[in-house]
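Throughout, read-outs are computed from the coordinates displayed, never taken from laboratory work. This one's a predicted model, so the numbers in the text were calculated from it and none came from an experiment. For neighbour counting, all protein chains shown are included, and Cβ atoms are generated from backbone atoms with ideal geometry for every residue, glycine included.
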Amino acid sequence: MVHALYKSFLFSSPRSPFKWRRPLLATAVYLFACMPVGAAENLDRVGALLGGMSQALREQSYQGLFTYEHGGALETLKLLHQVSDGIEVSSLEHLNGPAQRYSPSARKTDCLSPSDRRLRGLLPDVSGTLADLATHYHFYIREDQRVAGREATVLQIVPRDEYRFGHTFTIDKATSLPLGAMIFTPNKTVLERLQFVDLSLLTDAEPLAVAPSAFLCQSEPAPQELWRVGWMPSGFMSAGVNRSESVGDMMMFTDGLSSFSVFIRRSVAGVAAQGQAQRGATVAFMQQYRFGQTVYTVSVVGEVPVRTAQRIANSIQPVGQG
């Protein structure tokens, strides 16, 4: 779900396991004072909050300034998001530090991320998604907050196990847009924090120029799966398979809130590609394994704890083995 938020404009999906634009690890302790969600009608309210936020992010035109905390530093960024004729276009600019401005990117509003599709029940064999999530997360609705001069509802999502991270969304009551987002570990250590300081809707803005080819969703047939994941946290399911010469085989998984990808490629002779790294909430674990006569490099990259990524990597086997 976080990838469906404004962070999707901050950090592109990696073309290789260690090429992403995430900041360094941030640490802070967040004090919880929550009202639990237990009754069915409250779970329905959680579903309405998440669904409304996902829809608002894709279908509304808005601009704003937000801060992003990471590694003891604080960045300020400017975001512009426009929607017209079923096409959403966004641009992002850093307002402090080295000058950085990302070229406008575009996609169709019905080109959903794997997490969005998971929440909407569009992935194969999905039913009762929110009820399923509730078996892996506690949902809490906190007291309303005022953010960027706007009244907001705070939704806190706490993992029931140590294999995934938690999330907090501060959702604007008037527009359903998230005014803030946070990712934290099971022991309540905050890894990333994003918050708007100014947000306004757009009505007659000049459309951003984007190449027409950027409007297309990828719809190539999925390649045959050659690998299987012997273990992953319960609740995660496949969100797609891809194969390319530069990256190798890639498998994507999501539970509707968090996601990770597994990259598998033949190892280069003489290169010991292994180790682990963490930047913000993104973890990368890389290890070499021998299958038959061939050595492969297996990398797990995603918003999961290091121990989770390591256990996933250790469970990889070729299809037909194990």
Give me the distance in nm between label points sitting 7 Å out from Cα along the Cα-to-Cβ direction at Q310 and V268, one decimal.
2.6 nm
To one decimal place, what orientation-averaged projected area in nm² is obtained for the convex hull of the Cα set of the stretch 227-318?
5.9 nm²
